[in-house]
1. Would you mind checking the pairs LYS26/LYS82; LYS130/LYS274; LYS18/LYS190 and listing those with alpha carbons more than 20 angstrom apart?
2. When PHE270, PHE55 are ordered from fewest to most other Cβ atoms inside 10 Å of their Cβ, what list results?
3. Using DSSP to define loop residues, name the chymotrypsin sites (Phe, Trp or Tyr not before Pro) in the range 81-163 whose beta-carbon has at most 10 other beta-carbon atoms within 10 Å.
4. Tell me, which longest segment in the chain has none of the GluC sites (Glu not before Pro) that fall in DSSP loops with at most 10 further Cβ atoms within 10 Å?
5. Which one of HIS241, LEU352, GLN339 has its Cα pushed farthest toward the positive end of the charge dipole of the chain, where Lys and Arg give +1 and Asp and Glu give -1 at the Cβ?
6. For ILE315 and LYS190, compute 0.36 nm times the residue count separating them, minus their Cα-Cα distance, and round to one decimal in nm.
7. How large is the helix-only mean residue ellipticity at 222 nm for the chain, computed as the sum of -39500 (n - 2.57) over DSSP H runs with n ≥ 4, divided by its residue count, in deg cm²/dmol to the nearest 500?
8. Could you name the lysines whose alpha carbon sits less than 30 Å from that of LYS361, not counting residues in the same chain fewer than 8 places away?
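Here, each number is a calculation from the coordinates, and none is a lab measurement. Please read these numbers as outputs of a predicted model, since none were measured by experiment. Methodologically, a virtual Cβ is constructed for each residue, glycine included, from the backbone with ideal geometry; neighbour enumeration extends over all protein chains shown.
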Amino acid sequence: MAQAYSPGLSVTDSIVLKKERILPLKGKVLVKKGDKVKAEDLVAETLLPGKVVPFNIANKLGTTPNLVSQFLKIKAGDKITKGDVIAETKGFFGLFKTVVKAPIDGEVENISKITGQMLLREPRIPVQVKAFIDGIVVEVIPEEGVIIENKSAYIQGIFGIGGERFGEIKMLADLLEQPLNVKMIDDSCKDKIIVCGTMVSYAVIKKAQEVGVCGIITGGIDDRDLKKLLGYNIGVAITGHEEVGLTIVVTEGFGKIDMAKKTYGLLKQFDGHKASIHGITQIRAGVMRPEIIIPIKFKEEELTEPETRMSTLEIGTTIRVIRQPNFGVIGKVTSLPEQLTKVESETLVRILEAELENGEKVTIPRANVEVIED
């Protein structure tokens, strides 16, 4: 029998993960193979070149380019501080001197005797890469970064905003369907990753920002609230670089959608545990999903390479409907008919039969579902 493949989101209580932590350009690796690291540990660092600032020194001195070198007090490669005297004319009998001071902090990159132009470079920008997950360094890439491996409970979201953060999971709602209100957000939530089973409101997000919440995990979000929060409509390119003071991971979709019971149950199981999250999302080529990573204890021999396989649609597979009228609803496949079936659009497609969480039995085109991987 032929198998059908469908994209899916991983939700599992135990998986072996590998994470590359790579610098944007060559630098220094701070750990070695076999080291145990925490999410907050620095593993590599480098310095990005600062911005180049052109400075017409000949014009400032009021002289020709070929004479500039006579008046310079600095040379290419020297460090400078804003306000330092970098050139000075002799004047007449010590009077009427022209003094030129450094316009920025940085260094002198180049001085041209032909144009009289000086190129200054602003201070280098330090870039530090953290481990992001607790684990073991299994490979060092010299001058570039490392690969870290661990065993974790792992959840992929469907959408997110905000970068990499780590904190303790805090379940605020007693029931999956219970919406959060601003009174639930207090100082005890500071630096925590709070879990909201159903749709999170704009008011709750704003209160979370004020309190210093690290991240929010929610079933759904209103796109109007998202626009209000960001100040613009989110596009379909990569998200994850938004500066909103916290990271939001949406597990189901837009609108009032309850979190899948399995996802909510897994998060509840790890209430109080440390987790790493990010909201990086890309839905075009090179798909990227937001991630929730909860490290669990393991023995080093348990870190074996997991078998790679595609998500398959089989009887008993857990799925999520990704088209109306049951968008976001979770169910299980009960049958996979082989014959093509005509749908409302008059197109002949392969379908599946499923039983949804509410007990409803439905027939759905296979292209309208995604697998939730166990």
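1. Working: LYS26/LYS82 29 Å; LYS130/LYS274 16 Å; LYS18/LYS190 29 Å.
Where the Cα-Cα span goes over 20 Å, the pairs concerned are LYS26/LYS82; LYS18/LYS190.
2. Values: PHE270 21, PHE55 18.
Arranged by neighbour count, lowest to highest, PHE270, PHE55 become PHE55, PHE270.
3. Details: sites: PHE92, PHE93, PHE96, PHE132, TYR154, PHE159; in loops: PHE93, PHE96, PHE132.
Those that pass, being in a loop and sparsely packed, are PHE93, PHE96.
4. Details: sites that count: GLU243, GLU307, GLU338, GLU344, GLU346.
So the longest stretch without any such site is 1-242.
5. HIS241
6. Here the segment from ILE315 to LYS190 would lengthen by 40.6 nm.
7. Working: 4 runs with 32 residues, N = 374.
Value at 222 nm, helices only: -2500 deg cm²/dmol.
8. LYS361 reaches LYS256, LYS261, LYS262, LYS268, LYS332, LYS342.
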